[in-house]
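Everything on this sheet refers to the single structure shown next.
None of the figures in this text is laboratory data; all of them are computed from the coordinates on show. Source: prediction; values computed, not measured. FYI the Cβ positions are ideal-geometry reconstructions off the backbone, even for glycines, and counts take in every protein chain you see.
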Amino acid sequence: MDSDVYTRLAEVISLPRLERYRRYAGSDEDAVRRYFWNIRTSSALLPPLAVYEIALRNSAHTALSAKLGTVDWFSFALQGKDLSDFRERRQKIVRQQGREVTIDKIVSELMLGFWTYLLARKHHGLWWSPTNLPDSPIFRMLPGKPDIDRSTRGELHRRAIYFLVLRNRVSHHESILEDIEPYGLPRLQTDTVHSMLLETIEWISPTLSTHVHQVDVFPLIWNRK
């Protein structure tokens, strides 16, 4: 590749962004090839990530609605700053819509970070009912997971953090060649996180998982790197 071509590409892509791919390749041409390979591979992650996000929030909403006896369970499940932050977010959604909105609309508008945070240790009691295990929201939420116990909420939360980091990388067009290492968690390669993602979707809905596998092309592209 002509050096002038690389320079022109760097002007519009940005040199720091393009140079991140040089560590995986020796030449300008290889770096550019890696950059566009990353775009294609990232796009292959969009279907399972989208399905996961939608399934997570809807299954969580259904499970918590059943436990607390109302679809508007937020005021009962959240406290203090968490509740005030939620109310602020709810009002923002109402202002954007220009009218009062349904609970379904609120659920769909809440960001993935909210649902990930809802799985944190401080909310353990929300998901786990030791005196009535089958009615615990974590059981209702994960019908496809075998051997659910009190550690399951934590396991799901750790996975959700990896998925959130991966989703953000893809959304911001960052490199997925680099390992994913959320704060305080082990470093994992993107293909490992992808496998965890598919397994987690199966925990939430084995039926949905079957359809995701039919459209998932990530392994084919990843293995060509």
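Only one residue of Pro16, Phe36, Val217 has its Cα farthest out toward the positive end of the dipole of the chain, where Lys and Arg carry +1 and Asp and Glu -1 on Cβ, and that residue is Pro16.
Here the range 1-41 is treated with +1 on each Lys and Arg Cβ and -1 on each Asp and Glu Cβ, and its dipole about the Cα centre works out to around 320 debye. Think of it as helices only: each DSSP H run of n ≥ 4 in the chain is worth -39500 (n - 2.57), and spread over all residues that comes to -21000 deg cm²/dmol at 222 nm.
For Lys145, a cut-off of 29 angstrom between C-alpha atoms picks up these lysines, skipping any fewer than 8 places away in its own chain: Lys67, Lys105, Lys122. Within the range 40-113, the proportion of Cα pairs with more than 19 Å between them is 44 percent.
Net charge dipole, the chain: roughly 540 debye, given to the nearest 20, about the Cα centre with Cβ charges of +1 for Lys and Arg and -1 for Asp and Glu. Which residues among the range 166-203 fall inside the zone where the amide N is under 15 Å from a point 7 Å beyond the Cα of Arg121, along Cα→Cβ? Hits in the range 166-203 for Arg121 at 15 Å: 183-186. Rounded to the nearest 20, the Cβ-based charge dipole of the range 114-221 about its Cα centre (Lys and Arg +1, Asp and Glu -1) stands at 460 debye. Taking the alpha carbon gyration tensor of the range 149-225, multiplying each eigenvalue by 5 and rooting it gives semi-axes of 20, 19, 10 Å, largest first.
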